[in-house]
1. Averaged over peptide A:121-128, how many Cβ atoms belonging to another chain are found within 10 Å of each residue's Cβ?
2. Keeping all protein chains in position, work out how much accessible area B:ARG28 exposes to a 1.4 Å probe, and write it in Å² to the nearest 10.
3. Pop out the carbon and sulfur fraction of the accessible area of chain A as a percent, whole number, probe 1.4 Å.
4. Tell me the accessible surface of A:TYR133 in square angstrom (1.4 angstrom probe, heavy atoms of protein chains only), to the nearest ten.
5. Express in % the proportion of alpha carbon pairs of chain A at distances exceeding 21 Å.
6. Give me the net charge of B:ILE35's neighbourhood, meaning all other residues with Cβ under 13 Å from the Cβ of B:ILE35; Lys, Arg count +1, Asp, Glu -1.
7. Using a 1.4 angstrom probe on the protein heavy atoms only, could you order B:PHE38, A:PHE37 from most to least accessible area?
8. With a 1.4 Å probe and every protein chain left in place, tell me how much accessible area B:MET36 has, in Å² to the nearest 10.
Amino acid sequence: MTKQNIFSILIFTFFIFTNSFAQKVGEKAPNFIGTNFEEQEIKLEDFKDKVVLIDFWASWCSPCRKEMPFLVELHEKFKDKNFEIIAINIDQKESKAKSFLKKLETKPSFPMIWDKDSKIPPKYELETMPTTYLIGKNGNIRFIHKGFKDSYKEEFLKELEVLLNEK
Amino acid sequence: MKNKPTKVLLLLVLSTTFGCATVQPWERESLSDPIMIFDENPIDKGILEHHLDYREGSVGGTGGQSGGCGCG
C-alpha cells in the first residue's frame, strides 16, 4: 500500500465520520406528512406560496419551552401576511406536550404536528433542539436557527420581513 | 499483516467504527430527565444550581439546564 493510498483512505474515513448531512440554507425543504393531536393530517406542501416557519420542539427541552410563547406572538403578528408556523412536537407522551401547552398564556393557533416516533427530524438531520427553519415562498430553506436565545427575536423579525416582502 | 502502515490504518478504522454512537437530538428525552443529573438528589441540585446561577450571574456555567438533552 502506497503512502498516497493510505492518505486517501484516512481522508475518506475522516469525512465519513465527521461530515454533517444536515439541511442547509438554499436547499429545498424536505416535504413531510404528520398528524396533529386530533389526528388530522398536516403536509408541508399544503402551505405552498407561503412563508413557513418550521419549529422542532419538545416539552423536555428548556429552550423550546422558552421559544414557544415567542412563536405564538410571531404568529399573531404575521398570520394575515401569508405566513404560517408548523410546530413539530417530538414528545413521546402526548400528555407531556399538552400539559406544557395548557400552561401557555396564549394558546398556539398554528398547526402542530405530534411526531411521537420522530420520523420527521431525521429528514432535516437536526443538530440540536430546538431548530427553527424559515422557508421562503419558493419552498427553499432561507434561514436556520439552532437553539433559542432572546437575542434571536430581533433576527427572526428582520428575516421574516425580508421573506414576506419577496414575490 | 505485512507492513506497519497497514496495521496502523486497520487500527484507526476499527477505532472509529466501534464503541461510539451518536444520540440524536430528537432521541434525548430520557437524557433530559432530571434523574440523569449525577447527584444523590437531582431535583434539589437543579433548584440549588438555578439559585446559584442567578445569584452569581453565571447561567450555563454549571452545564446543561437539566440532565443532558444538549438543547441549544
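The values are calculated or read from the model by the stated rules, or taken from the named source; none is laboratory data. As the structure is a computational prediction, the values presented were derived from the model and not from experiment. Neighbour counts run over all protein chains shown; Cβ positions are idealised from the backbone, glycine included. In case anyone asks, the SASA skips ligands and DNA or RNA and just uses the protein heavy atoms, side chains included. Shrake-Rupley method; radii C 1.70, N 1.55, O 1.52, S 1.80 Å.
1. Working: counts 4, 2, 0, 1, 2, 3, 4, 6.
Counting other chains' Cβ atoms within 10 Å and averaging over A:121-128 gives 3.
2. Here the accessible area works out near 40 Å².
3. Details: 4760 of 9290 Å².
Here it works out to 51 percent.
4. 10
5. Every Cα pair in chain A considered, those over 21 Å come to 50 percent.
6. Values: positive: B:LYS45; negative: B:GLU29, B:ASP33, B:ASP39, B:GLU40, B:ASP44.
Cβ neighbours under 13 Å give a net charge of -4.
7. Per-residue accessible area, sorted high to low, gives B:PHE38, A:PHE37.
8. Ignoring ligands and nucleic acids, B:MET36 comes out at about 90 Å².
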